[in-house]
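Okay, structure first, notes after.
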Amino acid sequence: MKMRILLGVALMMATPIAAQQAAPKPETIRVGTVTEVWVLQETSGQGNTGVLVDAPAQVLADHASDDTFPNATNAVLVRSGDEVTLIDTGYGRTIFDKMAALGIAPEDVDRVLLTHMHGDHIGGMLRDGAKAFPNAKVALSQREYDHFNSTGNEAALKIFEAYKGSLEMLSPVEITSSFDQGITPIAAWGHTPGHTIFMIRDGYEQLLVWGDVTHAMAIQMPHPEISVRYDADPAVARDSRLAVLRVVAAEKIPVVGMHIPATMPGVVSANGEGGYSFRVR
Ligand SMILES: [Zn+2]
């Protein structure tokens with residue numbers, strides 16, 4: 001413990017010099033006593049409502065009158081004690097600079113957890129065709145692996161090949177109201193066949209990293225029944241979204257996500273009309 005305190009002081013003293021050139025340091029989210037989390041935001045901008053499946057005109061008029069909604073692409077970095085875990089990698093454009101600003105090198109990553117195998121989540125896995133995270137175990141759900149392996153998805157196969165020997169297959173659990181300490185994989189099928197989200201727990205505090213449970217917060221929070229064209233099975237994705245929302249609202253579990261346009265956690269509340277609201281704390 002003493003070592004960690006001394007190291008912390010050394011890093012604080014080094015910050016003013018390092019900060020002159022480095023990317024801005026992402027804001028720290030604390031979970032419990034030893035866990036720190038950072039949302040590494042790669043893109044932020046406006047999405048187009050054309051991605052929504054069967055959204056009623058009135059819903060669009062109410063929540064996206066100019067046919068757009070705020071959107072983002074994020075990855076999430078977790079440090080708990082000496083253990084560094086990256087959840088997804090975004091497109092792999094700016095996560096490495098953001099990690100460097102936090103003093104974390106790709107070699108320091110012990111584990112990469114993948115929510116699913118879409119390009120905006122796995123884009124940072126390889127550099128020049130080789131492992132971007134040379135010391136990391138890479139974990140994803142067995143279902144996701146089986147699907148992308150059997151369909152011969154080129155980007156996925158390259159990653160599976162590069163990390164062969166370091167792959168771990170996860171068996172995500174159903175979402176409930178209590179979770180083990182550490183990081184628990186939870187099934188949120190539908191966006192892809194094996195889409196997996198991750199609950200972080202340290203002591204009595206929790207933070208849910210909900211991956212692609214939503215893509216258009218402005219519309220899908222008040223109307224979670226609406227899916228997007230990226231969802232492989234829109235009906236299953238809707239059922240997963242509704243199950244996740246019910247639990248995080250009832251348990252007041254803070255949430256970050258890969259397409260939530262925020263870098264700090266938000267809290268979900270039922271809005272009394274069958275939908276939800278999302279407020280960044
Ligand atoms: Zn995505």
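Structure data summary
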{"item": "Test set (1) more than 30 Å from Ser150 (Cβ to Cβ); (2) in contact with a strand residue (DSSP E or B) (Cβ under 7 Å, 6 or more places away or on another chain); (3) open to solvent by less than 30 Å² (accessible area, probe 1.4 Å) - Gly275 fails condition number", "result": "(2)"}
{"item": "Residue selected from region 102-124 under the condition open to solvent by 30 Å² or more (accessible area, probe 1.4 Å) and either more than 10 Å from the ligand (Cβ to nearest atom) or not in a helix (DSSP H, G or I) (or both), by the criterion nearest to His191 (Cα to Cα)", "result": "His118"}
{"item": "Conditions (1) without any contact (Cβ under 8 Å) to a residue 40 or more places away in the chain; (2) open to solvent by less than 50 Å² (accessible area, probe 1.4 Å): number failed by Arg281", "result": "(2)"}
{"item": "Odd one out for Phe69, checked against (1) among the aromatic types (Phe, Trp, Tyr); (2) buried (at least 20 other Cβ atoms within 10 Å of the Cβ); (3) more than 16 Å from the ligand (Cβ to nearest atom); (4) not in a loop (DSSP other than H, G, I, E, B)", "result": "(3)"}
{"item": "Selection status of Ala100, over 20 Å from Ile260 (Cβ atoms), modelled with pLDDT of 95 or more and of a type in the set (A, V, I, L, M)", "result": "yes"}
{"item": "Subset of region 85-97 (residues that are at negative phi and either part of a strand (DSSP E or B) or open to solvent by less than 20 Å² (accessible area, probe 1.4 Å) (or both))", "result": "Thr85, Leu86, Ile87, Thr89, Ile95"}
{"item": "Region 190-246 - residue that is among the small types (Gly, Ala, Ser) and without any contact (Cβ under 8 Å) to a residue 60 or more places away in the chain and, of those, surrounded by the fewest Cβ atoms within 10 Å (Cβ to Cβ)", "result": "Ala235"}
{"item": "Count of residues meeting criterion [within 16 Å of the ligand (Cβ to nearest atom) and over 15 Å from Gly257 (Cα atoms)] in region 176-206", "result": "5"}
{"item": "Lone unmet requirement of (1) assigned to a loop (DSSP other than H, G, I, E, B); (2) surrounded by 20 or more Cβ atoms within 10 Å (Cβ to Cβ) for Asn74", "result": "(1)"}
{"item": "Test: residue in region 6-24 that is exposed (fewer than 15 other Cβ atoms within 10 Å of the Cβ), in a loop (DSSP other than H, G, I, E, B) and either under 24 Å from the mean Cα position of the chain (by Cα) or at pLDDT 95 or above (or both)", "result": "yes"}
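Residues are listed down the side, and each one gets a yes or a no for (1) touching a Lys or Arg at 6+ places or on another chain (Cβ under 9 Å); (2) among the charged types (D, E, K, R); (3) touching a residue at least 12 places away in the same chain (Cβ under 8 Å):
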{"site": "Ala64", "(1), (2), (3)": "no, no, yes"}
{"site": "Asp67", "(1), (2), (3)": "no, yes, yes"}
{"site": "Asn71", "(1), (2), (3)": "no, no, yes"}
{"site": "Thr89", "(1), (2), (3)": "no, no, yes"}
{"site": "Gly92", "(1), (2), (3)": "yes, no, yes"}
{"site": "Phe96", "(1), (2), (3)": "yes, no, yes"}
{"site": "Ala100", "(1), (2), (3)": "no, no, yes"}
{"site": "Ile104", "(1), (2), (3)": "yes, no, yes"}
{"site": "Val109", "(1), (2), (3)": "no, no, yes"}
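Matching residues to (1) more than 20 Å from Ser80 (Cα to Cα); (2) assigned to a helix (DSSP H, G or I); (3) modelled with pLDDT under 95; (4) within 13 Å of the ligand (Cβ to nearest atom):
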site	(1), (2), (3), (4)
Leu208	no, no, no, no
Ala218	yes, yes, no, no
Asp231	yes, no, no, yes
Asp239	yes, yes, no, no
Val247	yes, yes, no, no
Met258	yes, no, no, yes
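Here is a yes/no grid of residues against (1) open to solvent by 10 Å² or more (accessible area, probe 1.4 Å); (2) touching a Gly at 6+ places or on another chain (Cβ under 6 Å); (3) of a type in the set (Ser, Thr, Tyr); (4) free of Cβ contacts under 8 Å to residues at least 24 places away in the same chain:
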site	(1), (2), (3), (4)
Trp38	no, no, no, no
Thr43	yes, no, yes, no
Gln58	yes, no, no, yes
Arg79	yes, no, no, no
Glu83	yes, no, no, no
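The values are calculated or read from the model by the stated rules, or taken from the named source; none is laboratory data. The structure presented is a predicted model; accordingly, all values stated were derived computationally and were not measured. Here the Cβ is made from the backbone with ideal geometry for all residues, glycine too, and neighbour counts use every protein chain on show. Just the protein is used for accessible areas: all its heavy atoms, side chains included, with ligands, DNA and RNA removed. Shrake-Rupley method; radii C 1.70, N 1.55, O 1.52, S 1.80 Å.
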